[in-house]
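Step one of this worksheet: look at the structure below.
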Amino acid sequence: MSEPLVVVEGLRKVYPRSVEALRGVSFEAWPGELIAIRGRSGSGKTTLLNLVGGLDTPTEGRVVVAGHTVTEMSERSLLALRREVVGFVFQSFGLIPVLSAAENVGVPMRLARFPVAEREERARMLLALVGLEKHANQRPYELSGGQQQRVAIARSLANRPRLLIADEPTGQLDSQTARQIMQLIRAVVRSEGVTALVATHDASLISLADRVLELRDGSFAAAEPAA
């Protein structure tokens, strides 16, 4: 392991009316590492993930992902980064209602102009990876919340990202399903070799991470290994 996949240096984000969401945050994430970012609502978790993923720009600081300096990239380059290097999983699932599970997984590959046969084969493989191979033709309204989140995870892996960003991915799920989803993310990190940053305030999920970073009022209060 020669260098970290993610480098964050002195990251600050100040919103209008002088609301400081992040106060000089710095950390590194290594290939194959699952990091849980813990903190109460409003602590800065979502802001941090959005900045790392190139969805927002910082007031100060620097973000590097897979050798790309995110904080200096053009919008066109950021689009390519989000399409090819970073996969996102959100609390709200974000599936397209009229598409089947397999078609939802295939959307990123369609945008990246994968050949049809390769796209369909990888969608089948990813649905099998998340335990939904028998649900490939079902639409989101025919699936449970946990199953929809599994489809969302499969979709996030479609273009073989090196970084997986998950913002409260279990927030809409019951505790048992939430743990299953977190275990799935951990398994995906191992099998696909990706780095994962997962924001959560659920203490029961923290033990599944390799490392825990705790945000309090925009600053890291502690950096510790998971128990």
Q) Could you say whether any residue in segment 103-112 is over 19 Å from the mean Cα position of the chain (by Cα) and at pLDDT 95 or above? A) yes
Q.
Can you pull out every residue in segment 126-151 that is touching a Phe, Trp or Tyr at 6+ places or on another chain (Cβ under 8 Å) and within 20 Å of ALA209 (Cα to Cα)?
A. GLN149
Q. Where in segment 101-193 are there helices (runs of 4 or more DSSP H), lying fully within it, with 2 or more residues that are not assigned by TED's automatic domain parsing to the domain that holds LEU51?
A. 101-111, 116-129, 145-156
Q: Scan segment 165-194 residue by residue and report those that are buried (at least 23 other Cβ atoms within 10 Å of the Cβ), in contact with a Phe, Trp or Tyr (Cβ under 8 Å, 6 or more places away or on another chain) and at pLDDT 90 or above.
A: ILE165, ALA166
Q: Give GLY87, GLY61 a once-over and let me know the one that is surrounded by 16 or more Cβ atoms within 10 Å (Cβ to Cβ), in contact with a Gly (Cβ under 7 Å, 6 or more places away or on another chain) and not hydroxyl-bearing (Ser, Thr, Tyr).
A: GLY61
Q | Qualifying residue in segment 195-207 (condition: within 30 Å of LEU22 (Cβ to Cβ) and either part of a loop (DSSP other than H, G, I, E, B) or of a type in the set (Asp, Glu) (or both)) | A | yes
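The values are calculated or read from the model by the stated rules, or taken from the named source; none is laboratory data. Computed from a predicted model, the values in this text were never measured in an experiment. Ideal geometry is used to build each Cβ from the backbone, glycine not excepted, and the neighbour counts take in all protein chains shown.
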